[in-house]
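The values are calculated or read from the model by the stated rules, or taken from the named source; none is laboratory data. The model shown is predicted, which means the values in this text are computed figures rather than measured ones. Counting neighbours? That spans all protein chains shown, and the Cβs are built from the backbone with ideal geometry, glycine included. In case anyone asks, the SASA skips ligands and DNA or RNA and just uses the protein heavy atoms, side chains included. Shrake-Rupley method; radii C 1.70, N 1.55, O 1.52, S 1.80 Å.
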Amino acid sequence: MLSYDIVVVGAGGAGMMAALAASEDPDLEVAVLSKIYPTRSHTGAAQGGINAALGNRDPSDSVEKHFRDTVKGSDFLADQDAVEFFTSRMPELIQELDFYGVPFSRDENGRVAQRPFGGASSPRTCYSADKTGHVILHTLYEQCLKRGVKFLHEWFLLSLAVEEGELDGLVALDMRSGAIHPIQAKAAVIATGGFGRIYWNRTTNALNMTGDGTAACFDAGIPLKDPEFVQFHPTGLASSGILMSEACRGEGGHLLNKEGERFMARYAPEKMELGPRDLVSRAIETEIKEGRGFGEGIGAYVQMDLRHLGKEKILERLPQVRALAMHFEGVDIIEEPVPIRPSCHYMMGGIHVVDYKTCRTPIEGILAAGECACISIHGANRLGGNSVADVVLFGKYAGLGAREIAKQRSLPSGKKVKKEADRWIKTFDRMRRKTEGIPVTEIRDKMAETMWNNVGIFRRESEMKEALETVGRLLEDYQDACIGDTSVRYNLAFVHYVEVGNLLKLAKAVALGALHRKESRGSHARADYPKRDDGRFLKHTLIYKKGDDYILQYEPVKITKYRPEERKY
Amino acid sequence: MDTVTLRIKRYDGVKEWYQEYQLPYEKGKTLLYSLTKIREELDPTLTFSAACRHAICGSCAVRVNGNAFLACKTSLDQLLETFETERLTLEPLNNFPVIRDLVVDWEPKLERMKAVRPWLIPSEDGDPSEGFRQSPEDFRKIASPTDCILCGICSSECGQLSLNQEGYLDPFILNKAYRFAVDSRDAAPEEHIRPALEKGLWKCLHCMECVTKCPKEIDLAGENAYLRQASIQMGERDNKGARHAYAFVEDVKSKGRLNEVTLPMKTEGFVSTMNRIPFALRLIRKGKINPLHMPREVEGIEGVRKIYEHAQGVKEP
Ligand SMILES: Cc1cc2nc3c(=O)[nH]c(=O)nc-3n(C[C@H](O)[C@H](O)[C@H](O)COP(=O)(O)OP(=O)(O)OC[C@H]3O[C@@H](n4cnc5c(N)ncnc54)[C@H](O)[C@@H]3O)c2cc1C
Ligand code: FES
């Protein structure tokens with residue numbers, strides 16, 4: 001049986017930072033498995049930047065201000081001890097990334113350049129033009145090559161085996177050969193990214209953001225924390241959902257309705273377009289709902305106007321954004337406003353992390369970092385530029401945490417994981433042979449439709465109940481799904497089947513968490529409970545999965561410094 | 001036009017075949033949209049890769065009628081118009097091993113990339129807790145080369161690589177070498193340049209296919225020229241490529257034109273050139289070269305020499 005001291009699942013920003021930190025100890029055998037090549041990971045899509053209170057652009061900025069902004073942005077649901085840990089370590093992490101070779105844009109003094117971002121009281125978002133995530137991802141990959149990190153390319157995590165509250169091992173499919181392997185490990189770092197694909201096409205997320213690691217942890221008995229908090233990015237391209245970076249608003253873009261009005265004046269008179277994402281998304285949807293948008297139904301939109309920035313600034317600071325608008329919406333932002341509408345962007349919730357310093361979960365040997373994890377530093381709403389920061393910082397600490405565990409634990413027996421692998425081998429075999437049933441894509445599209453319509457930007461009880469019912473039915477249909485591909489070699493239809501199964505489990509948790517949170521907070525906006533209710537809901541949702549049953553619990557928020565107050569921008 | 005036909009090269013690990021799919025024509029769609037439609041509505045076994053769907057992850061490159069494109073960024077209308085057809089042939093990238101259908105194997109390429117030490121060798125001006133200072137001008141030098149998304153289009157299109165898989169490095173690998181060689185934070189540009197030189201840097205055919213096809217419009221040919229110059233400055237003159245370049249420079253300086261008879265001798269040396277005698281004889285027979293012809297100075301040679309003088313006085317860019 002394959003065995004390693006540490007297995008990192010996922011090779012995005014979080015996974016590779018974890019791998020780098022873990023492999024600093026030459027005595028440990030570390031492997032990284034990823035369903036796509038590391039440089040294809042979704043971290044590469046992050047355009048706008050990464051937050052750290054360096055004070056290069058605004059000397060009055062401070063770690064304290066970053067801390068406060070993040071807590072306020074989270075609508076007071078973030079754990080403040082973790083946020084403080086995070087913001088105080090970010091400046092040094094940027095220097096580390098610079099030392100690794102990340103090509104940051106620079107100010108006239110040669111320091112890392114910073115730009116304003118939504119919800120931030122100082123311009124503290126470090127960037128590299130509008131391809132920040134891309135250059136960080138590639139630089140981390142270069143560092144992994146330098147260190148000789150072992151990658152298992154195109155290996156797909158199927159599940160985790162847990163015995164008596166401890167990790168026994170992982171089961172993975174080597175996509176190229178079609179072989180399913182049990183892997184023994186002392187520690188596993190789960191860094192598999194978000195699951196925006198529960199809304200399938202109405203998301204800025206890549207096609208493969210299906211929450212596989214999150215679902216594997218959920219199945220293994222780790223609760224999901226705060227899954228109902230889903231961030232909708234205000235500026236997705238109207239026709240495809242593809243993201244127009246927050247940098248557009250950061251650099252001074254205007255949002256206009258059909259009357260040509262800068263409608264943000266009604267919702268955030270001070271910050272205007274630079275209000276936080278949840279607020280701007282709801283403002284846009286309200287404009288559309290009240291008939292001040294362009295077009296109708298699912299095709300309705302508002303405009304983002306960047307023309308006044310001028311050609312030079314657009315070419316210098318937003319070249320990729322311009323190319324995206326041109327290729328995917330047919331609009332040159334130098335010449336015309338671009339049609340936009342909110343699109344699901346980010347999952348604040350995820351795998352329940354119990355110790356932010358090591359990223360441990362309740363199960364010994366399993367750690368989680370990156371978008372798949374919920375520490376929680378983003379609470380009910382994440383600030384732009386705080387995710388890539390979260391990913392690299394906690395990726396690193398998860399790697400260190402895994403090292404600690406690997407030193408303490410001996411290799412588990414591997415009995416359970418062997419059995420688990422046998423079960424998957426049978427499933428793969430059965431699915432390849434099955435010739436009739438419901439197409440996986442049909443199940444997936446129905447799930448996305450009900451989630452978008454009923455558990456979207458505005459939520460109400462009756463609709464969420466309907467979504468829960470539909471997802472429940474789809475979970476039954478899933479038992480009769482058919483993949484239509486008999487190949488052992490590189491069977492993407494089977495991979496997609498597993499992905500959709502994961503999405504269904506997670507979609508149900510999102511709807512359930514949302515239904516029971518009878519208040520509006522951050523990204524979670526309920527038409528039937530429009531106010532925040534700190535008395536009843538200043539707490540984290542925890543959803544456990546026991547077989548097919550979902551069990552709901554709550555946990556207090558850690559408040560160290562900032563008492564909840566009304567969140568105004 | 002009502003339908004579009006995609007003729008796709010299939011491979012299942014054992015056999016290869018072409019399969020045709022007919023799709024209703026829809027305006028304003030991408031090639032990735034069409035591939036997805038086939039997989040989801042006509043044939044779930046059709047295998048291709050894609051992730052970000054907006055030209056940043058580099059997963060989705062394929063060949064259409066022999067030319068490599070990013071499927072997510074390429075409009076179907078444009079393809080139909082360019083090739084003046086309603087029938088397109090799709091194949092996996094050239095110069096890669098194929099895994100299944102349109103999916104290629106990147107592992108050997110990533111292994112090869114290590115040759116140029118594709119990571120920053122940090123100079124003493126920086127340190128892990130302070131980072132570096134870098135001027136905006138120096139940042140600009142690495143802005144474009146770090147746009148590379150490792151999509152493999154340049155490898156697929158590369159003329160030299162198609163002839164010579166082992167003796168040449170893929171353009172994206174040379175781009176990596178360049179990216180670090182010009183980074184003001186790097187302590188040892190020659191560590192990136194020398195391996196490129198040893199792996200056939202001078203063999204580029206100047207077909208420019210990589211430059212015209214690169215979806216990020218990286219000036220790969222200009223970078224190649226830079227690496228060559230830099231290798232000469234490192235003292236690497238005693239190789240065919242550099243000797244060839246010097247022979248050009250000398251010939252043009254002295255006569256204003258090339259001497260095709262002495263050029264190979266200056267480049268390859270006397271002994272190697274002797275091996276080319278059969279080839280030279282064929283050229284003579286066909287009247288392509290005249291061995292007795294010794295080029296005279298061209299008219300206006302003074303002007304040519306002035307250009308040289310001027311160039312000598314110009315500082316490095
Ligand atoms: C379009 C877009 C723009 C964004 N812009 C910004 C921004 O400007 N600033 C910011 O802070 N945040 C931004 N974000 C958010 C941020 O990019 C992501 O949250 C973050 O990059 C996630 O990183 P990660 O390492 O957790 O996961 P990812 O980078 O998504 O990596 C996940 C990894 O897990 C692997 N994986 C997944 N499932 C499996 C499996 N079953 N088996 C094996 N491997 C698996 C994948 O192959 C991949 O390597 C943006 C997000 C989007 C969608
Ligand atoms: S799908 Fe990412 S580059 Fe095309």
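With respect to being surrounded by fewer than 19 Cβ atoms within 10 Å (Cβ to Cβ), within 16 Å of ligand 1 (Cβ to nearest atom) and among the charged types (D, E, K, R), B:GLU137 falls outside the description.
Among the residues of the range B:37-84, which ones are among the polar types (S, T, N, Q) and within 16 Å of ligand 1 (Cβ to nearest atom)? Correct list: B:SER49, B:SER59. The residues of the range B:1-27 that are under 22 Å from A:MET175 (Cα atoms) and not in a strand (DSSP E or B), listed by number, are B:ASP12, B:GLY13, B:VAL14, B:LYS15.
Inspect the range A:503-517 for any residue being in a loop (DSSP other than H, G, I, E, B), open to solvent by 30 Å² or more (accessible area, probe 1.4 Å) and in contact with a strand residue (DSSP E or B) (Cβ under 7 Å, 6 or more places away or on another chain) and give the result as yes or no. No; the residues of the range A:503-517 include none that is in a loop (DSSP other than H, G, I, E, B), open to solvent by 30 Å² or more (accessible area, probe 1.4 Å) and in contact with a strand residue (DSSP E or B) (Cβ under 7 Å, 6 or more places away or on another chain). The set of residues in the range B:28-42 being in contact with a Leu (Cβ under 7 Å, 6 or more places away or on another chain), outside any loop (DSSP other than H, G, I, E, B) and open to solvent by 60 Å² or more (accessible area, probe 1.4 Å) consists of B:ARG39 alone.
Counting only residues that are open to solvent by less than 10 Å² (accessible area, probe 1.4 Å) and either more than 22 Å from A:MET326 (Cβ to Cβ) or assigned to a loop (DSSP other than H, G, I, E, B) (or both), the range A:233-245 holds 4 of them. Is there a residue in the range B:75-95 that is open to solvent by 20 Å² or more (accessible area, probe 1.4 Å), within 14 Å of chain A (Cβ to nearest Cβ) and in a loop (DSSP other than H, G, I, E, B)? The answer is no, given that none of the residues of the range B:75-95 is open to solvent by 20 Å² or more (accessible area, probe 1.4 Å), within 14 Å of chain A (Cβ to nearest Cβ) and in a loop (DSSP other than H, G, I, E, B). Scanning the range B:183-191 finds no residues that are in a helix (DSSP H, G or I), buried (at least 24 other Cβ atoms within 10 Å of the Cβ) and not assigned by TED's automatic domain parsing to the domain that holds B:LEU93. Which one is farthest from ligand 1 (Cβ to nearest atom), of the residues in the range A:467-502 that are charged (D, E, K, R) and part of a helix (DSSP H, G or I)? Looking at the filtered set, the residue picked out is A:GLU469. Considering the range A:192-222, and only residues there that are at pLDDT 95 or above, out of contact with any Lys or Arg (no Cβ under 7 Å at 6 or more places or on another chain) and open to solvent by 10 Å² or more (accessible area, probe 1.4 Å), the residue that is farthest from the other protein chains (Cβ to nearest Cβ) turns out to be A:GLY221. Residues that are closer than 21 Å to A:PRO234 by Cβ and free of Cβ contacts under 8 Å to residues at least 24 places away in the same chain number at least 2 in the following helices (runs of 4 or more DSSP H) confined to the range A:272-363: A:277-289, A:319-329. Is at least one residue of the range A:486-502 open to solvent by less than 60 Å² (accessible area, probe 1.4 Å) and among the acidic types (Asp, Glu)? Yes, the range A:486-502 has at least one match. For the range B:98-126, give me the residue count where each residue is within 7 Å of chain A (Cβ to nearest Cβ) and charged (D, E, K, R). Looking only at that region, the number is 3.
Among the residues of the range B:171-195, those identified as under 20 Å from the mean Cα position of the chain (by Cα), within 11 Å of chain A (Cβ to nearest Cβ) and of a type outside the set (A, V, I, L, M, F, W, C) are B:LYS176, B:ARG179. Within this structure, A:GLU84 fails the test of being more than 16 Å from ligand 2 (Cβ to nearest atom), free of Cβ contacts under 8 Å to residues at least 24 places away in the same chain and out of contact with any strand residue (DSSP E or B) (no Cβ under 6 Å at 6 or more places or on another chain).
Out of the range B:237-295, which residues are of a type in the set (D, E, K, R) and open to solvent by less than 50 Å² (accessible area, probe 1.4 Å)? If the condition is that a residue be of a type in the set (D, E, K, R) and open to solvent by less than 50 Å² (accessible area, probe 1.4 Å), then B:ASP251, B:GLU268 are the ones that fit. Against the numbered list (1) open to solvent by less than 10 Å² (accessible area, probe 1.4 Å); (2) closer than 26 Å to A:VAL495 by Cα, B:ALA68 comes up short only at (2).
Of note, B:SER155 does not satisfy the criterion of being farther than 30 Å from A:VAL488 by Cα and either away from ligand 2 (no atom under 16 Å from the Cβ) or away from chain A (no Cβ under 14 Å) (or both). Residue count for the range B:27-62 satisfying the condition of being more than 9 Å from every other protein chain (Cβ to nearest Cβ) and under 23 Å from the mean Cα position of the chain (by Cα): 3.
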